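Worksheet for the structure shown next.
Read-outs: derived from the displayed coordinates by stated rules, not from any lab. Every value quoted in this text rests on a predicted model; they were computed, and no experiment measured them. Cβ: placed from backbone, ideal geometry, glycine included. Neighbour counts: every protein chain shown.
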Amino acid sequence: MNASAPEIDKDLLREHLAELSEYEAALTDHLYESLFARLPDAEELFGTYSRANQQRMMSETLAAVLNMLDQEPWLGEYVHAMGSRHQFSYETPAEMYPPYAEALIEALAAVSGSAWTAALERSWKAALDQVNDMMIAGYVPTSH
């Protein structure tokens, strides 16, 4: 992480994740509605999955953020492998990550209601940017 990268308020995000645990279904709905509105082509990648699978994918993203906050030593390798899996198994283009993160932040804000703050938005954006960078680092250059 470079010196100009925004700081992540780890305690704030941990607290927010705990508060959101009972709203996973609503968060999933908001996330994919927002993502498909931003990027209609994304529905081709994600729309074929059941709601349970969509919720699992979102939970994996949130778990990666939580593990990153805890600085788990195995996380980099795991997230790189997850990136490679997304590249080859799901054929997810790297360009999909920023709109997914934006849609997730929008969903987090919607589900949080009046509890959503600028500090939460900054920390979530910084954390998701880090996870996205780790995912994309797992991509293998292809000769297309």
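If you wrap a convex hull around the Cα atoms of the range 54-144, how much volume per residue is inside, in Å³? Show your work: numbers first, answer last.
Numbers: hull volume 8.7 nm³, N = 91.
Once divided by residue count, the hull of the range 54-144 is 95 Å³.
Magnitude of the Cβ-charge dipole of the range 10-137, K/R +1 and D/E -1, about the Cα centre, nearest 20 debye? Don't skip to the end; give the middle numbers.
Values: 8 positive and 21 negative charges, 21 e Å.
Rounded to the nearest 20 debye, it is 100 debye.
Putting +1 on Lys and Arg Cβ atoms and -1 on Asp and Glu Cβ atoms, find which of Ala107, Asn53, Val79 reaches farthest to the positive end of the dipole of the chain.
About the Cα centre, the residue reaching furthest to the positive side is Val79.
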